[in-house]
Amino acid sequence: AFDELKRHAADRPIVSFGASIGATAALHVAAQRPVAGLILHNPVPLREMILRRFGWWNLWLLAGPIAWQIPRELDSIANARASRAPAIFMLAQRDEIVPPRYHKLVVDAYAGEKRVIALRGAFHNDPIEGAALADFHQALDWLLPRTIGDSSQRAE
């Protein structure tokens, strides 16, 4: 899909967006293709979340095999380490689905330049509004000029 989009975009930069599980897909694309930038909202490190959040109560007998069945292409931590495009992370501070400590694993692993927007008081699916929306606009002002250069060397 990215290759077809790139063909139609010609020389225009492509910024990939993903929210929640969609951030997992966006990170995979960014690790494999020359995206110019990323916008990630509540990224999920699936394997780590399954193991750390659910493994202890079943002695990892259920969580372990399930976590290891997740394809390596969906490893958000590894893909974050391989991504070099500038990125904006929007993180809900009261996320009830993906606890913020798991977002932090992805943010900390991210190899490219990044800006982090804390969505104060926000839950997983809350809209971005108020001060967070103003912060997002400022982050876009930071990101968009960085997408204009040659992005072909960002994916390795």
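The values are calculated or read from the model by the stated rules, or taken from the named source; none is laboratory data. In this text, all values refer to a predicted model and were calculated from it rather than measured experimentally. Cβ sites come from the backbone with ideal geometry, for glycine too, and all protein chains shown count toward neighbours.
Side notes on the structure shown:
- Index of the failed condition, HIS28 passing every other in (1) surrounded by 19 or more Cβ atoms within 10 Å (Cβ to Cβ); (2) out of contact with any Asp or Glu (no Cβ under 6 Å at 6 or more places or on another chain); (3) not aliphatic (A, V, I, L, M): (2)
- Restricting segment 140-156 to residues that are hydrophobic (A, V, I, L, M, F, W, C) and at pLDDT 65 or above, the residue that is surrounded by the most Cβ atoms within 10 Å (Cβ to Cβ): LEU143
- Counting the residues of segment 61-107 that are in contact (Cβ under 8 Å) with a residue 40 or more places away in the chain and assigned to a loop (DSSP other than H, G, I, E, B) gives 8.
- Scanning segment 108-121 for residues that are assigned to a strand (DSSP E or B) and either of a type in the set (Lys, Arg) or out of contact with any strand residue (DSSP E or B) (no Cβ under 8 Å at 6 or more places or on another chain) (or both) yields LYS114, ARG115.
- From the options ASP135, ASP108, residue that is buried (at least 16 other Cβ atoms within 10 Å of the Cβ) and among the acidic types (Asp, Glu): ASP135
- Residues satisfying the stated conditions in segment 1-31, i.e. in a loop (DSSP other than H, G, I, E, B) and of a type in the set (Asp, Glu): ASP11
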